[in-house]
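In what follows, a single structure is set out as structure tokens and then discussed.
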Amino acid sequence: MRRKLAAGNWKMNGSRAALGELDAMAQVADGPAEVLICPPASLISAAADRAPASVKIGAQDCHENSSGAHTGNLSAEMLSEAGATHVILGHSERRADHGETDALVCAKTKAAQASGLVAIVCIGETLQERNAGDTLAVVKRQLAGSVPEGQTGDMLVVAYEPVWAIGTGLVPTLEQIAEVHNTLRSALCDRFASQGDTIRLLYGGSVKASNAADIFATPDVDGALVGGASLKAQDFVPIVTALCVA
Ligand code: PGA
């Protein structure tokens with residue numbers, strides 16, 4: 001009942017020339033898994049024009065207001081007009097580099113959804129928090145604070161991304177992933193009743209072709225948010241293929 005989702009986060013990487021990678025992703029994009037690429041904002045419009053219809057295009061952030069004196073920012077409406085259908089919010093790099101709090105991520109999520117964008121809300125513990133045994137408390141607190149009321153599975157995706165696993169090649173054990181995803185599923189069902197079961201839970205952090213199948217076989221993992229391995233079709237396509245057969 002939850003359609004699998006393979007989401008790529010290009011971060012501050014890519015140029016117009018890189019959009020050629022989207023053509024090669026078309027081969028897997030019509031399968032059972034939804035495919036999404038989130039390029040830098042400067043490329044959203046060109047990516048949306050170029051991408052095959054089955055590859056959706058998303059943004060990596062939006063402002064919490066719909067317009068105004070906010071130099072350098074983009075509103076959800078602007079991103080939607082440029083061709084984005086989804087937006088990643090509260091990525092740990094934004095929380096760390098720009099001081100984004102749960103409350104701000106919650107406001108951005110409301111703004112995104114009001115403009116018709118599907119919000120992909122990111123949460124995850126630091127290594128220090130994991131070593132202190134605080135992982136479940138941290139992700140529950142982030143989920144509660146970053147996600148507004150009244151959610152449904154067609155407007156919200158939650159990505160569990162342990163900060164220490166992002167871009168490091170380190171990955172939690174499958175038991176650790178299952179424990180967190182199970183906790184998040186329970187929290188979503190407690191809060192949103194039957195809708196909680198329709199909200200997709202992605203795992204993110206050093207997903208690659210060699211570990212994707214095992215991660216996707218883990219209970220309550222509905223897909224992945226992929227950074228480095230989403231930049232090239234030759235790395236991303238095998239991940240999408242693993243998700244399609246999971
Ligand atoms: P990574 O990044 O796949 O390069 O570890 C994941 C992310 O930040 O979403």
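The values are calculated or read from the model by the stated rules, or taken from the named source; none is laboratory data. A quick note: this is a predicted structure, and the numbers were derived from the prediction, not measured. We place every Cβ from the backbone using ideal geometry, glycine too, and count neighbours over all the protein chains shown. Areas reflect the complete protein model, heavy atoms only, side chains present, ligands, DNA and RNA absent. Shrake-Rupley method; radii C 1.70, N 1.55, O 1.52, S 1.80 Å.
Considering each residue of the stretch 175-202, count those that are out of contact with any His (no Cβ under 7 Å at 6 or more places or on another chain) and open to solvent by less than 30 Å² (accessible area, probe 1.4 Å), and give that number. Spell out the reasoning first.
Step one: list which residues in the stretch 175-202 are out of contact with any His (no Cβ under 7 Å at 6 or more places or on another chain), which gives 175-200, 202.
Applying the additional criterion that residues be open to solvent by less than 30 Å² (accessible area, probe 1.4 Å) yields 177-178, 180-181, 183-185, 187-188, 192, 196, 199-200, 202.
The qualifying residues number 14.
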Exactly one of (1) within 27 Å of R141 (Cα to Cα); (2) within 15 Å of the ligand (Cβ to nearest atom); (3) surrounded by fewer than 23 Cβ atoms within 10 Å (Cβ to Cβ) is unmet by A209. Its number?
-> (1)
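Go through Q128, Q113, Q142 for me and flag whichever is in a helix (DSSP H, G or I), open to solvent by less than 60 Å² (accessible area, probe 1.4 Å), farther than 24 Å from S80 by Cβ and modelled with pLDDT of 95 or more.
On the way: Q128 fails: open to solvent by less than 60 Å² (accessible area, probe 1.4 Å); Q113 fails: farther than 24 Å from S80 by Cβ.
After ruling out the rest, the residue left standing is Q142.
Is it the case that the stretch 86-96 has a residue that's assigned to a loop (DSSP other than H, G, I, E, B), more than 16 Å from the ligand (Cβ to nearest atom) and open to solvent by less than 20 Å² (accessible area, probe 1.4 Å)? So that I can check it myself, show each step before the final result.
Of all residues in the stretch 86-96, those assigned to a loop (DSSP other than H, G, I, E, B) come to 90-91.
From what is left, the residues that are more than 16 Å from the ligand (Cβ to nearest atom) are none.
Within the stretch 86-96 (the criterion being assigned to a loop (DSSP other than H, G, I, E, B), more than 16 Å from the ligand (Cβ to nearest atom) and open to solvent by less than 20 Å² (accessible area, probe 1.4 Å)), the answer is no, since none of the residues qualifies.
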Tally time: how many residues in the stretch 212-242 are more than 26 Å from L43 (Cα to Cα) and more than 14 Å from the ligand (Cβ to nearest atom)?
-> 10
Confirm whether A69 is more than 16 Å from the ligand (Cβ to nearest atom) and touching a residue at least 40 places away in the same chain (Cβ under 8 Å).
-> no
Restricting the search to the stretch 212-234, which residues are buried (at least 21 other Cβ atoms within 10 Å of the Cβ) and in a helix (DSSP H, G or I)?
-> A212, I215, F216, S230
Could you list, in sequence order, all residues of the stretch 38-63 that are closer than 30 Å to P162 by Cα and open to solvent by 60 Å² or more (accessible area, probe 1.4 Å)?
-> S42, K56
So which residues in the stretch 189-206 are within 16 Å of the ligand (Cβ to nearest atom) and either in contact (Cβ under 8 Å) with a residue 60 or more places away in the chain or outside any strand (DSSP E or B) (or both), if there are any at all?
-> R200, L202, G204, G205, S206
